[in-house]
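Take a look at the structure set out below.
What follows is calculated from the coordinates using simple rules that are stated; it is not laboratory data. What you see is a predicted model, and the numbers here were worked out from it, not measured in a lab. Cβ sites come from the backbone with ideal geometry, for glycine too, and all protein chains shown count toward neighbours.
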Amino acid sequence: MVVGALITLTRADASSPLDIFSGEDGQFAFSNIVPGPFQIRIAAAGFATQTFSGELHQGEFFIVPTVTLALARVDTELEVRERGTEIAVEQVNAEIKQRVFGVVPNFYVTYVPNAAPLNARQKFKLAWRSMIDPVTFGLTGVVAGAQQAQNAFAGYGQGAQGYAKRYGAAYADGATSTFIGSALLPALLKQDPRYFYKGTGSTGSRIWYAIANSVICKGDNQRWQPNYSAILGGLASGGISNLYYPPKERGTALVFENTAIGTGTTAVVNLLQEFVVRKMTPHTN
């Protein structure tokens with residue numbers, strides 16, 4: 001096997017094919033596969049495509065025999081590259097259908113271990129779909145209502161006007177954080193804004209993985225690196241919030257407080273993603 005080969009698994013039940021890329025050691029693994037006949041197609045730039053057929057039984061771990069790829073004509077490279085772009089498009093389209101209980105958006109998680117990297121347009125598409133989702137508007141209203149009940153940001157006052165200001169501030173916080181930290185900076189820094197579901201290993205290793213992913217991320221080169229996009233995005237969003245929060249609430253403390261809260265919230269959400277959310281999401285990629 002070679003690094004970065006495209007592995008496509010097709011099942012006899014005519015369900016959608018699954019795609020992953022081989023890792024640095026040339027190996028690959030599919031999880032949660034329905035038992036039954038299957039076919040694996042292996043394609044890589046500069047090599048002839050190979051196929052392998054088999055049948056997975058209930059409770060079985062199926063190990064595919066070593067596959068050697070023969071050299072092919074150079075013109076196969078274009079086909080593989082285009083297929084890689086198509087995979088990313090398919091994955092994004094699948095992710096924007098992921099909803100907890102079929103309702104709450106769960107767009108920023110991929111259950112494909114070696115998911116194809118997103119281009120800038122796809123990163124902005126996820127951010128846009130997230131911020132215009134009806135559930136986002138509804139949850140923002142709940143947050144604004146809770147703030148009003150607690151008289152948080154008292155400078156906004158009470159009544160309909162105070163609620164409208166809190167609603168606008170809460171939505172602006174989410175929008176700036178999402179577009180800057182999950183679209184603009186990831187596009188510029190070539191980082192992936194999604195959470196890559198682990199799902200395997202000991203409970204302790206999965207907990208550590210989920211928490212660590214609040215400050216690290218995968219780059220478009222498929223390598224782990226510090227999550228500069230989320231950290232700088234949180235600082236930028238906090239800085240922008242000084243433009244619309246009440247004067248008494250502004251300042252450097254607000255910026256770092258919001259960034260710290262955002263990082264902590266991400267860690268909690270990642271833990272839920274790793275152990276709870278997938279079971280509540282009917283359609284996963």
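Dipole size in debye (nearest 20) for segment 98-280 around its Cα centre, Lys and Arg Cβ +1, Asp and Glu Cβ -1? It would help to have the intermediate numbers written out before the result.
Details: 17 positive and 7 negative charges, 82 e Å.
For this selection, approximately 400 debye.
How many percent of DSSP beta bridges within the chain run antiparallel, rounded to 5? If you can, show how the numbers build up before the last one.
Details: 24 of 26 bridges.
The antiparallel proportion sits near 90 percent.
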Determine, for segment 178-285, the count of lysine pairs separated by eight or more sequence positions (or lying on different chains) whose alpha-carbon distance falls under 30 Å. 5
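As a check on your grasp of the helix formula, calculate [θ] at 222 nm for the chain: sum -39500 (n - 2.57) over DSSP H runs of n ≥ 4, divide by the residue count, round to the nearest 500. Could you put the intermediate results ahead of the total?
Details: 8 runs with 119 residues, N = 285.
Estimated from H runs of four or more residues: -13500 deg cm²/dmol.
Mind checking the full-extension length gain between ASP25 and SER202? Use 0.36 nm per residue of separation minus the Cα-Cα distance, one decimal, nm.
Values: separation 177, 0.36 × 177 = 63.72 nm, distance 2.22 nm.
Full extension of this stretch gives 61.5 nm more.
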Kindly provide the chymotrypsin sites (Phe, Trp or Tyr not before Pro) of segment 198-285 that DSSP labels as loop, not H, G, I, E or B, and whose Cβ sees at most 16 other Cβ atoms within 10 Å. TYR244
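Please identify every one of the trypsin sites (Lys or Arg not before Pro) in segment 167-241 that sits in a loop by DSSP and has no more than 11 other beta carbons within 10 Å of its own beta carbon. List each step's numbers first, then the result.
Values: sites: LYS190, ARG194, LYS198, ARG206, LYS218, ARG223; in loops: LYS190, ARG194, LYS198, ARG223.
Hits after loop and neighbour filter: ARG223.
What whole-number value in cubic angstrom gives the convex hull volume per residue for the C-alpha atoms of segment 193-252? Walk me through the numbers before you get to the answer.
Working: hull volume 7.0 nm³, N = 60.
With only Cα atoms used, segment 193-252 gives 116 Å³ per residue.
Could you give the semi-axes, largest first, of the ellipsoid that matches segment 168-285, computed as the square roots of 5 times the alpha carbon gyration tensor eigenvalues and rounded to whole Å? Please report the intermediate quantities before stating the final value.
On the way: eigenvalues 153, 51, 36 Å².
Result for segment 168-285: semi-axes of 28, 16, 13 Å.
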State which helices in the chain qualify, where a helix is a whole DSSP H run, it must extend 18 Å or more along its own axis by its Cα atoms, and its mean Kyte-Doolittle hydropathy must be at least 0.5. 134-149, 228-241, 252-272
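Could you calculate the contour length gain from PHE275 to PHE101, that is, 0.36 nm times the residue separation minus the distance between their Cα atoms, to one decimal place in nm?
61.1 nm
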By count of other Cβ within 10 Å, fewest leading, how are MET280, MET131 ordered? MET280, MET131
